[in-house]
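Everything on this sheet refers to the single structure shown next.
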Amino acid sequence: MYSQGISVNVVGGGIGGLSATLSLLAAGLDVHLYERAPALGEIGAGVQISPNASRVLHRLGLAEALARTAVRPLALHQRRWNDGRTLQRAPLAGPVEARFGFPYYHMHRADLIAALAGAIPAERIHLGHRLAGFTDTGDGVRAQFANGVGAESDVLVGADGIHSLVRAGLFGAQSPRFTGCVAYRGLVPESRLRDLSIEVTMQAWLGPGRHFVNYFVGGGQLVNFVAVIEQDSWTRESWTDRGDPADVLAAFDGWHPQVRGVLEAADEAFIWALFDRAPLDHWSRGRVTLLGDSCHAMLPFMAQGAAQAIEDGATLAACLAAAGPDPAVALHRYETLRLRRATRLQAMSADNKRRFHLPDGPAQRERDEQLAAGSTGWSFDAIAWLYDHDAAMATAGRPG
Ligand code: FAD
């Protein structure tokens, strides 16, 4: 098979690059991953993995590794910010698995990275390699790293995140957009929160100009929280920073005791300025393509950024495995299959900023009535287009 002969260099060892490497290796390609950091890792925070992504991860043989630390939440519970009234409660766990065939997971990011990296042969991962530039010669791509190493391959994949150098090399440098939101993220030992009787659900508390999310990770030993606050600008030099939980607590004055209780128990929080990028018309040029945040960075309000990156890798692998003699044709097919779906999620994520943060009043009451009636994007029927998607099989069908 031709694909056996295709070599692929993946730049970036985040969730997107690692899962793509696994998908590409499973498809029989000759893959190497290059990461600038001296070690693989992720910020101390949680990540939600919906069935469209766990389908890919299970097929890559990770079910057992994930089961060691992943939490399967009972429900998605959207609540009102002050009195905690239920706005919507949708079952996850068993009912999701019965309907979509694969679990909805809550994970510590480090656990997910460890599971992905643990399945890749060590000689395929090159740490301490910062991409400095690349050249597509027409019959191959040469990647140049800051440490002086050069690497040739048939295809180069930029999985190098929102500040992607590969993207800038393909389509020109463009700054990401500040979305007007910052997220404070942290982890609290579950043992400190027992008095709050927090259910094993994904709780999203919706309020004026902000929202709060909490769920269990690390085998249930930790509670992950994300406190999102609207603010006009981001003036700090770094786009992540240490934050003071007391500041977050002050911003959530008057919120439900469970929200405040989680924040009161937190030793630290990291501030994360939320940036996104305008959708691209293309992800590929010649033998070079993009995946994950490098091409479709989005607000996290659909919890789909990592999930879409995982899907990207599966579809890319399927396209390259089925490729004829010109990999550029496979990359074009990959982008055609992926772009519309990722762009749709970018738009839905952006719209959720407005929906989640409505000030109390008529529009908020209308939203709450829609949530109560189940006529939102979170009923099983409404979400099937997202969770039922089989990214590895997508080459056989229409664009997602
Ligand atoms: P990244 O994770 O940014 O990885 C890029 C990698 O490339 C890094 O390791 C970096 O060091 C490396 N790199 C960069 N430049 C170079 C270079 N020049 N040379 C070599 N290596 C390089 N998504 C979900 O699916 N579910 C969620 O619940 C969820 N929650 C979120 C909550 C918040 C608050 C935020 C901010 C995001 C959330 N997301 C979620 C989105 C998700 O985190 C991202 O979409 C995902 O992690 C992107 O993965 P990536 O591999 O594309 O990029």
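Read-outs throughout are calculated quantities, based only on the coordinates presented, and are distinct from any laboratory measurement. This structure is a prediction, so every number in the text was calculated from the model and none was measured. Don't worry about glycine lacking a Cβ; one is built from the backbone with ideal geometry, like all the others, and counts go over all protein chains shown.
What to note about this one:
- For the chain, modelled as a GNM whose springs connect Cα atoms under 10 angstrom apart, the maximal fluctuation among Ala67, Ala227, Ala122 occurs at Ala122.
- Ranking of Met348, Met107 by count of other Cβ atoms within 10 Å, fewest first: Met348, Met107
- Relative contact order of the chain, defined on C-alpha pairs under 8 angstrom at six or more residues apart (%): 21
- By the count of other C-beta atoms within 10 Å, a proxy for reagent exposure, Thr137, Thr336 are ordered fewest to most as Thr137, Thr336.
- Entry note, the chain: the mean residue ellipticity at 222 nm calculated from DSSP H runs of n ≥ 4, each adding -39500 (n - 2.57), is -10000 deg cm²/dmol after division by the residues and rounding to the nearest 500.
- When peptides 34-44, 277-287 are ranked by their average number of other Cβ atoms within 10 Å per residue, the highest-first order is 277-287, 34-44.
- q = 0.24, 0.25 Å⁻¹, the range 269-348: log10 I(q)/I(0) [Debye, one scatterer per Cα]: -1.10, -1.17
- From largest to smallest, the equivalent ellipsoid semi-axes obtained for the range 280-400 from the alpha-carbon gyration tensor read 34, 15, 9 Å.
- Ordering of 349-357, 139-147, 15-23 by burial proxy (mean other Cβ atoms within 10 Å per residue, highest first): 15-23, 349-357, 139-147
- Scanning the chain for DSSP H helices at least 27 Å long along the axis (C-alpha atoms) with a Kyte-Doolittle mean no lower than 0.5 picks out nothing.
- Listed residues Glu199, Glu230, Glu123, most fluctuating in the chain (Gaussian network, C-alpha, under 10 Å): Glu123
- Magnitude of the charge dipole for the range 24-153, about its Cα centre and with charges confined to Cβ atoms of Lys, Arg (+1) and Asp, Glu (-1), is about 800 debye.
- Each residue of the range 131-142 is assigned a 3J(HN,Hα), and the resulting list reads 5, 10, x, 8, 9, 8, 8, x, 10, x, 10, 9 Hz, derived from the Karplus form 6.51 cos²θ - 1.76 cosθ + 1.60 (θ = phi - 60°), x at Gly and Pro.
- In Å, descending, principal axis extents of the Cα set of the chain: 62, 45, 39
- Fewest-first sequence of Met298, Met393 by Cβ atoms within 10 Å of each Cβ: Met393, Met298
- Rounded to 5, the percent of DSSP beta bridges in the chain classed as antiparallel: 75
- Charge dipole of the chain (Cα centre as origin; +1 on each Lys and Arg Cβ, -1 on each Asp and Glu Cβ, all else neutral): 520 debye, rounded to the nearest 20.
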